[in-house]
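Have a look at the structure below before the remarks.
The values are calculated or read from the model by the stated rules, or taken from the named source; none is laboratory data. Just so we're clear, the structure is a prediction, and the values are computed from it rather than from any experiment. Using ideal geometry, Cβ is built from the backbone for each residue, glycine included, and neighbour counts are taken over all protein chains shown. The accessibility values were calculated without ligands, DNA or RNA, using every heavy atom of the protein model including side chains. Shrake-Rupley method; radii C 1.70, N 1.55, O 1.52, S 1.80 Å.
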Amino acid sequence: MSNIPSYIKMFPSSKDIFADRVEEHSKSLFPVFSVDLNHINPAWTGQIHMVQFNEDPYNEETVNTFNDYCKDCMIGFDIINGKYSFKTDFAYFNLTGSWKQWFEKTKSSFTNTKQKFLNTGVLTSPNDNPADIYEQIGGEPNWVQSDETPTDPDGNPMTFIAETYTGNYTDDSCAKHIYLFYSDKHKVAVLLYQTT
């Protein structure tokens, strides 16, 4: 595990990162790693969490759950005592019949990658190649499309925390770059993804 930075905790348990409705969160959200916030800003405390998700982009009914921080390619959380609480109804993750197979592939391949890591202390991709835990921590995001930096409730840009590539964790034909942002003032986390 020597390749894991001290400010990263790999595959935290759902009960350690979700503030409420842990079972509901766990059905659709897969904790990848936690980052010590003081690594980003020495004045900050606690951790923030990268999670993988695979929502159904073809289920038009989920638009009823959309808000400023939960919409196409984006999910948001209130942070309560360092843990996440989803900012909309879990119907956001409802799946159409044709998308269930892709979600199940995400879930099963993520579970396999996690178990291999827990057994060996080394992250390997689903095809057993060495894998990067993250693409970037802190600094400025390296967008694969255009800049989509979210803003906090005051309209100010949120702070970039991390980017990860889901192809290092899952083999589900839905590989994407997930970007994690944070507002310390408002205790809000936003994850959004882009694809190439």
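Can you send over the carbon and sulfur percentage of the accessible area for the chain, probe radius 1.4 Å, protein chains only?
Values: 4270 of 9510 Å².
Of the solvent-accessible surface of the chain, carbon and sulfur hold 45 percent.
Taking a 19 Å limit on the Cα-Cα distance, which of the listed pairs Lys9/Lys87; Lys83/Lys176; Lys15/Lys176; Lys9/Lys105; Lys27/Lys100 fall beyond it?
Lys9/Lys87; Lys83/Lys176; Lys15/Lys176; Lys9/Lys105
Accessible area per residue, 1.4 Å probe, Å², for segment 1-45: what's the number?
Averaged over the residues of segment 1-45, the accessible area is 52 Å².
Using the beta-carbon distance between Glu60 and Ala19 and R0 = 35 Å, what value does 1/(1 + (r/R0)^6) give for FRET efficiency, to the nearest 0.05?
0.75
Can you compute the equivalent ellipsoid semi-axes for segment 83-196, i.e. the square root of 5 times each eigenvalue of the Cα gyration tensor, sorted largest first and rounded to whole Å? Show your work: numbers first, answer last.
Values: eigenvalues 137, 72, 39 Å².
For segment 83-196, the semi-axes come out at 26, 19, 14 Å.
Taking Cα centroids, how far is segment 1-67 from segment 82-110 in Å?
13 Å
List the aspartates and glutamates whose Cα sits under 13 Å from the Cα of Lys107, skipping any in the same chain fewer than 8 residues away.
Glu55, Asp171, Asp172
Could you do me a favour and compute the accessible area per residue for segment 51-196, 1.4 Å probe, result in Å²? Intermediate results must be reported in sequence, preceding the final value.
Details: 7060 Å² over 146 residues.
Per residue, segment 51-196 has 48 Å² of solvent-accessible surface.
I'd like the FRET efficiency for His186 and Met10, computed as 1/(1 + (r/R0)^6) with the beta carbon distance as r and R0 of 22 Å, rounded to 0.05.
Details: r = 27 Å, r/R0 = 1.24.
The computed FRET efficiency comes out at 0.20.
In debye, nearest 20: dipole of the chain around its Cα centre with unit charges on the Cβ of K, R (+) and D, E (-)?
It comes to approximately 640 debye.
Determine by what factor the alpha-carbon radius of gyration of segment 2-102 differs from 2.2 N^0.38 Å, reporting the quotient.
For segment 2-102, the normalised Cα radius of gyration comes out at 1.18.
Farthest toward the dipole's positive end in the chain, which of Thr195, His25, Phe86, given Cβ charges of +1 (Lys, Arg) and -1 (Asp, Glu) about the Cα centre?
His25
Okay, helix-only estimate at 222 nm for the chain: each DSSP H run of n ≥ 4 adds -39500 (n - 2.57), divide by all residues, round to 500 deg cm²/dmol; what do you get? The partial results should precede the final answer.
Details: 4 runs with 36 residues, N = 196.
Taken over the chain, the calculation gives -5000 deg cm²/dmol.
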